[in-house]
Amino acid sequence: MIDARTTNVNQTEELAAAVASLVRPRDIIVLSGEMGAGKTAFVRGFAAGIGVSPDETVSSPTFTLVHTYDTGTVIVHHADLYRLGRLSDVEDLGLRELADLGDVVVVEWGDVAEEVLGHHLVVSLEVDDDNEDSRHIVVSVIGQTWDSRWEQLKRALAKWGD
């Protein structure tokens with residue numbers, strides 16, 4: 001597990017870009033945290049870090065469920081599961097299948113569906129009780145897909161060490 005702390009939204013986006021620098025096709029990133037914890041800010045930074053054009057507006061797909069961004073080298077699917085009430089609804093989105101095709105999938109509120117997503121990186125965001133702009137971020141993994149990159153990820157996130 002990696003513990004990190006950011007003190008503003010720009011740092012949260014920078015941390016996400018650092019994660020994105022180590023992402024490979026077929027990766028799934030699951031984001032968890034309460035409303036307003038910074039999940040969408042994380043996705044904005046992640047998108048910038050992986051090469052989504054700055055002209056693209058990265059916003060939460062709360063009503064459309066999935067936004068897709070093509071960087072020219074990898075396709076990134078950004079899902080928001082907040083409005084889904086059943087695991088079968090999540091399965092119907094085919095997020096695991098999109099990753100299996102070689103795309104990258106980032107899932108807000110994904111902790112509710114971890115069992116159908118397979119191996120993935122988990123990023124938990126929590127608002128600091130003492131400073132509403134500060135975030136405590138915990139990064140962990142389910143499965144082995146990040147084993148060969150784990151030490152690199154620890155180094156990439158070291159400047160935000162908690």
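The values are calculated or read from the model by the stated rules, or taken from the named source; none is laboratory data. Quick caveat, the model's predicted, so the values are computed rather than measured. Quick reminder, even Gly has a Cβ in these numbers, built from the backbone with ideal geometry, and neighbours come from all protein chains shown.
For segment 122-132, which positions are in contact with a helix residue (DSSP H, G or I) (Cβ under 9 Å, 6 or more places away or on another chain) and farther than 14 Å from Lys39 by Cβ?
Answer for segment 122-132, where residues must be in contact with a helix residue (DSSP H, G or I) (Cβ under 9 Å, 6 or more places away or on another chain) and farther than 14 Å from Lys39 by Cβ: there is none.
Might you let me know whether segment 56-70 holds any residue that is over 16 Å from Val107 (Cα atoms), over 15 Å from the mean Cα position of the chain (by Cα) and either among the β-branched types (Val, Ile, Thr) or surrounded by 19 or more Cβ atoms within 10 Å (Cβ to Cβ) (or both)?
Yes, that holds for at least one residue.
Leu81 versus (1) of a type in the set (A, V, I, L, M); (2) under 27 Å from Thr6 (Cα atoms); (3) modelled with pLDDT under 90; (4) surrounded by fewer than 17 Cβ atoms within 10 Å (Cβ to Cβ): which is the lone unmet condition?
Tallying (1) of a type in the set (A, V, I, L, M); (2) under 27 Å from Thr6 (Cα atoms); (3) modelled with pLDDT under 90; (4) surrounded by fewer than 17 Cβ atoms within 10 Å (Cβ to Cβ), Leu81 fails exactly one: (4).
Considering only segment 113-126, I want to know if a residue exists there that is of a type in the set (S, T, N, Q) and more than 18 Å from the chain's Cα centre (by Cα).
Within segment 113-126, the first condition is being of a type in the set (S, T, N, Q), and the residues that meet it are 124.
Of the ones still in play, those that are also more than 18 Å from the chain's Cα centre (by Cα) are none.
No, that holds for no residue.
Does segment 6-23 contain any residue that is part of a helix (DSSP H, G or I) and within 13 Å of His78 (Cβ to Cβ)?
Checked against the condition, which is being part of a helix (DSSP H, G or I) and within 13 Å of His78 (Cβ to Cβ), segment 6-23 yields at least one hit.
For Val76, all conditions in the list (1) in contact with a strand residue (DSSP E or B) (Cβ under 8 Å, 6 or more places away or on another chain); (2) surrounded by fewer than 18 Cβ atoms within 10 Å (Cβ to Cβ); (3) on the phi < 0 side of the Ramachandran plot hold save one; what is the number of the exception?
Going through (1) in contact with a strand residue (DSSP E or B) (Cβ under 8 Å, 6 or more places away or on another chain); (2) surrounded by fewer than 18 Cβ atoms within 10 Å (Cβ to Cβ); (3) on the phi < 0 side of the Ramachandran plot one by one, Val76 breaks only (2).
I'm trying to understand the selection: among the residues of segment 58-110, which are of a type in the set (S, T, N, Q) and over 20 Å from Met35 (Cα atoms)?
Thr68, Thr71, Thr73, Ser88
Does Val116 count as surrounded by 15 or more Cβ atoms within 10 Å (Cβ to Cβ), of a type outside the set (Gly, Ala, Ser) and either closer than 27 Å to Asn10 by Cα or out of contact with any strand residue (DSSP E or B) (no Cβ under 7 Å at 6 or more places or on another chain) (or both)?
No: the conditions fail for Val116.
Go through Val104, Val141 for me and flag whichever is crowded, with 23+ Cβ neighbours inside 10 Å, in contact (Cβ under 8 Å) with a residue 12 or more places away in the chain and under 24 Å from Pro25 (Cβ atoms).
Val104
Please go through segment 108-147 and give me each residue that is at pLDDT 95 or above and among the hydroxyl-bearing types (Ser, Thr, Tyr), ordered by number.
If the condition is that a residue be at pLDDT 95 or above and among the hydroxyl-bearing types (Ser, Thr, Tyr), then Ser124, Ser140 are the ones that fit.
May I ask you to list the residues in segment 10-40 that are surrounded by 22 or more Cβ atoms within 10 Å (Cβ to Cβ), more than 10 Å from the chain's Cα centre (by Cα) and among the hydrophobic types (A, V, I, L, M, F, W, C)?
Selection gives Leu15 alone.
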